[in-house]
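The values are calculated or read from the model by the stated rules, or taken from the named source; none is laboratory data. Keep in mind that this is a model prediction, so the values were computed, not measured. Reconstructed Cβ throughout: ideal geometry from the backbone, glycine too, with neighbour counts over all protein chains shown.
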């Protein structure tokens with residue numbers, strides 16, 4: 001990558017335009033217009049991570065992968081002014097006088113990733129008894145307010161939906177600090193605390209006491225500024241229906257990682273999105289299933305292992321999802337943990353983890369997943385079936401979005417997990433261009449922000465990821481991030497990752 005003087009031009013730079021900053025709460029469904037982020041707006045200790053800060057700049061001789069699924073444009077020129085994309089043209093495109101020019105031979109630019117299942121908490125350690133059961137008080141999760149915002153942005157994730165909160169006030173305050181330039185991180189859409197019924201796996205979750213409590217819970221957190229809600233494993237149908245009704249009254253959406261409620265029951269209640277796909281979360285085919293009772297994840301996996309995806313019940317489910325405009329969030333990076341020997345051990349991931357978190361993960365990996373110890377399922381086939389379902393869902397017209405869900409046994413980390421999720425979409429049968437579209441423009445579409453980010457086009461916010469190589473043909477190149485532009489300010493990926501080494505699980 002080299003810098004050179006701009007070509008002369010009679011054109012002058014456009015005045016700095018006002019860019020929409022994605023506010024998670026949005027006071028229902030409205031987003032507030034504010035001045036674009038600039039390096040000058042960042043606190044002094046944040047400015048050390050800024051690599052490109054110019055009111056007008058151009059990326060020349062760059063490969064543009066625009067996020068729409070269209071073929072890559074070779075030897076393109078991209079002009080950014082005032083935090084927004086001004087032009088996307090060929091090598092002959094006129095560059096405004098005074099613009100900073102970056103010669104990007106050998107590089108590709110993609111839209112910023114839109115992570116749709118991207119927590120700010122993490123499974124720091126797993127404490128289980130000899131039979132694999134969670135020891136009292138249950139699973140404890142660690143808020144990663146320092147490391148995760150940096151890691152998301154460093155990996156090219158410029159927008160996240162938190163999709164379930166353990167410390168909602170922390171998430172909301174982190175969002176405010178990012179918006180104000182006091183903290184480096186992605187644009188945040190904050191999901192409220194889990195909508196969970198009796199039997200929560202963590203003491204950090206509130207257990208709903210009925211429909212009135214669900215309605216009041218949604219109302220309270222909507223007033224605090226969250227922008228969506230997530231139903232969890234033990235919620236009842238009555239509680240889910242009340243929560244959805246109140247959320248929709250506020251113009252907010254509800255997604256779900258379900259167990260006690262089947263997909264058809266949740267569709268009837270008006271849910272907007274399903275997390276993880278059905279293979280481990282849709283209990284409708286579990287023999288002897290009791291209403292409003294979670295049979296546990298293993299019986300759900302086992303029931304789906306026997307299902308033929310071309311069968312009438314599965315085709316009817318896909319058709320119902322599409323007809324009701326319900327999205328599905330792919331989280332293949334966390335699914336991968338079910339499969340023995342996966343994922344590959346990456347030095348970059350292990351080096352980011354604290355010593356305790358690293359030891360906890362390596363022990364879990366060596367012992368096998370304790371939740372399913374001694375239970376016979378072909379976990380590789382289970383994961384392949386989820387991949388096949390997602391592809392069939394998209395081919396039928398469904399909206400697939402993606403995120404890593406950085407929990408599990410502790411190896412799925414912010415940012416790195418987002419990149420891995422895109423690679424696994426390709427392993428599951430999508431082309432690299434389709435996988436990038438799922439991870440960028442599809443997320444923006446679900447959030448109602450397609451006119452502002454998610455694709456590379458004139459007028460969009462300059463949320464861009466500069467990678468060495470060509471992820472349109474070799475998806476692993478998506479890991480080669482060098483600069484991440486958020487509202488036109490370019491952050492140094494390597495410096496951000498270096499600043500969190502050894503800290504994941506601690507802060």
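Restricting to the stretch 148-167, name every residue that is over 15 Å from residue 110 (Cα atoms) and assigned to a loop (DSSP other than H, G, I, E, B). Residues satisfying the conditions are 162, 163, 164, 166, 167.
Examine the stretch 319-329 for a residue that is surrounded by fewer than 20 Cβ atoms within 10 Å (Cβ to Cβ), without any contact (Cβ under 8 Å) to a residue 40 or more places away in the chain, outside any strand (DSSP E or B) and at positive phi, and state whether such a residue exists. No; the residues of the stretch 319-329 include none that is surrounded by fewer than 20 Cβ atoms within 10 Å (Cβ to Cβ), without any contact (Cβ under 8 Å) to a residue 40 or more places away in the chain, outside any strand (DSSP E or B) and at positive phi. The single residue among 439, 494 that is surrounded by fewer than 24 Cβ atoms within 10 Å (Cβ to Cβ), touching a strand residue (DSSP E or B) at 6+ places or on another chain (Cβ under 9 Å), closer than 28 Å to residue 141 by Cα and touching a residue at least 12 places away in the same chain (Cβ under 8 Å) turns out to be 494. Residue 40 fails exactly one of the following numbered conditions: (1) modelled with pLDDT of 50 or more; (2) surrounded by fewer than 20 Cβ atoms within 10 Å (Cβ to Cβ); (3) in a loop (DSSP other than H, G, I, E, B). What is the number of that condition? It fails just one condition, (3). Flag: residue 318 does not match the condition of being within 22 Å of the chain's Cα centre (by Cα) and more than 30 Å from residue 501 (Cα to Cα).
Within the stretch 298-307, the set of residues being surrounded by 17 or more Cβ atoms within 10 Å (Cβ to Cβ) and either over 16 Å from residue 389 (Cα atoms) or at pLDDT below 90 (or both) comprises just one member, 299. The listed residues are 389, 430, and the only one of them that is outside any helix (DSSP H, G or I) and out of contact with any strand residue (DSSP E or B) (no Cβ under 8 Å at 6 or more places or on another chain) turns out to be 430.
For the stretch 442-472, the set of residues classified as buried (at least 24 other Cβ atoms within 10 Å of the Cβ) and at positive phi consists of 454 only. Residues in the stretch 295-315 that are farther than 27 Å from residue 421 by Cα and either in contact (Cβ under 8 Å) with a residue 40 or more places away in the chain or in contact with a helix residue (DSSP H, G or I) (Cβ under 9 Å, 6 or more places away or on another chain) (or both): 295, 313.
Checking each residue in the stretch 463-494 for being touching a helix residue (DSSP H, G or I) at 6+ places or on another chain (Cβ under 8 Å) and farther than 22 Å from residue 423 by Cα picks out 486, 489, 491.
Only one of the numbered conditions (1) in contact with a strand residue (DSSP E or B) (Cβ under 6 Å, 6 or more places away or on another chain); (2) surrounded by 24 or more Cβ atoms within 10 Å (Cβ to Cβ) is not met by residue 214, and that is (1). Among the residues of the stretch 257-271, the ones that are surrounded by 24 or more Cβ atoms within 10 Å (Cβ to Cβ) and touching a residue at least 60 places away in the same chain (Cβ under 8 Å) come to 1 in all. Of the residues in the stretch 206-220, none is under 23 Å from residue 403 (Cα atoms) and either in a helix (DSSP H, G or I) or free of Cβ contacts under 8 Å to residues at least 60 places away in the same chain (or both). Just one residue in the set 457, 444, 414 is farther than 30 Å from residue 341 by Cα, part of a loop (DSSP other than H, G, I, E, B) and in contact with a strand residue (DSSP E or B) (Cβ under 9 Å, 6 or more places away or on another chain); that residue is 457.
Within the option set 214, 266, 200, being at pLDDT below 95, more than 21 Å from the chain's Cα centre (by Cα) and on the phi < 0 side of the Ramachandran plot holds for one residue only, 200.
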